[in-house]
Amino acid sequence: MGRGIDFNEVYVEFKPKVLLYISRLTNSHDAEDITQEVFEKISRGLEGFQEKSKLSTWIYRIATNTALDKLRASSSKLSSEEFTDETEDRNVWIDNSKVPVDQSLVRKEMGECVREYVDKLSPDFKTVIVLSELEGFKNKEIADILQVSLDTVKIRLHRARASLKKELDVGCDFYHSEQDIFSCDRKPIPVKFKPQKKSDHS
């Protein structure tokens, strides 16, 4: 295999990371099966890996393409909206084992609330958000993974964040708690008033 790269070592190191990534990207009960498919492709392609890019980039490229095939198969509607407003980068997915328990719970709730809206994004937008905000990749690394230009990544991230911000402003109330923790509450769904029917005896 490519310059002595051992597949078993690659599998042990990257399988948990890829499974988590696929789970985040597809929100699918088939994440384990998709991950297995990813590593079958890695096994077949590892011998020809020429290290023109980092091994992790190559692996995430395969994982992304495999996951996007699944996403696009279940969602034929891609986003065509244009956004021009300046947006705020809200990195709300914070993984920090040292934060207090109550703070962790608030962030977990906020993450679940936000994830509902992330899942509604088009596959292209969702991918850059997950790679940037959840996986922690830099824009240049995302460009290498997606095999697009750096400018394309910047544009997609800008539009994805704008789209997400627009939806969050409608569905969530963001605030700082008494402990100065950035938090959010779901806005209540408005209940349509139904006029009561007049009684026949009235």
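Filter the range 112-137 for residues that are more than 11 Å from the chain's Cα centre (by Cα) and surrounded by 12 or more Cβ atoms within 10 Å (Cβ to Cβ); which is modelled with the lowest pLDDT?
C113
Taking S74 as the residue in question, decide whether it is more than 21 Å from V148 (Cα to Cα), under 17 Å from the mean Cα position of the chain (by Cα) and at pLDDT below 85.
yes
Kindly evaluate L146 against the criterion of being modelled with pLDDT of 80 or more, closer than 30 Å to I59 by Cα and not assigned by TED's automatic domain parsing to the domain that holds S53. Write out each step before concluding.
Working: modelled with pLDDT of 80 or more: yes; closer than 30 Å to I59 by Cα: yes; not assigned by TED's automatic domain parsing to the domain that holds S53: yes.
It is true that L146 is modelled with pLDDT of 80 or more, closer than 30 Å to I59 by Cα and not assigned by TED's automatic domain parsing to the domain that holds S53.
Testing P100 on (1) over 15 Å from the mean Cα position of the chain (by Cα); (2) at pLDDT 75 or above; (3) surrounded by fewer than 12 Cβ atoms within 10 Å (Cβ to Cβ), one condition comes back false. Which one is that?
(2)
Kindly evaluate L157 against the criterion of being modelled with pLDDT of 90 or more, in contact with a helix residue (DSSP H, G or I) (Cβ under 9 Å, 6 or more places away or on another chain) and buried (at least 19 other Cβ atoms within 10 Å of the Cβ).
When the stated conditions are applied, L157 passes them.
Among the residues of the range 125-145, how many are touching a Lys or Arg at 6+ places or on another chain (Cβ under 6 Å) and within 16 Å of T26 (Cα to Cα)?
Going through the range 125-145 one residue at a time, the tally reaches 3.
The values are calculated or read from the model by the stated rules, or taken from the named source; none is laboratory data. Remember, predicted model here, so these are calculated numbers, not experimental data. Every residue, glycine as well, gets a Cβ built from its backbone with ideal geometry; the counts of neighbours run over all protein chains shown.
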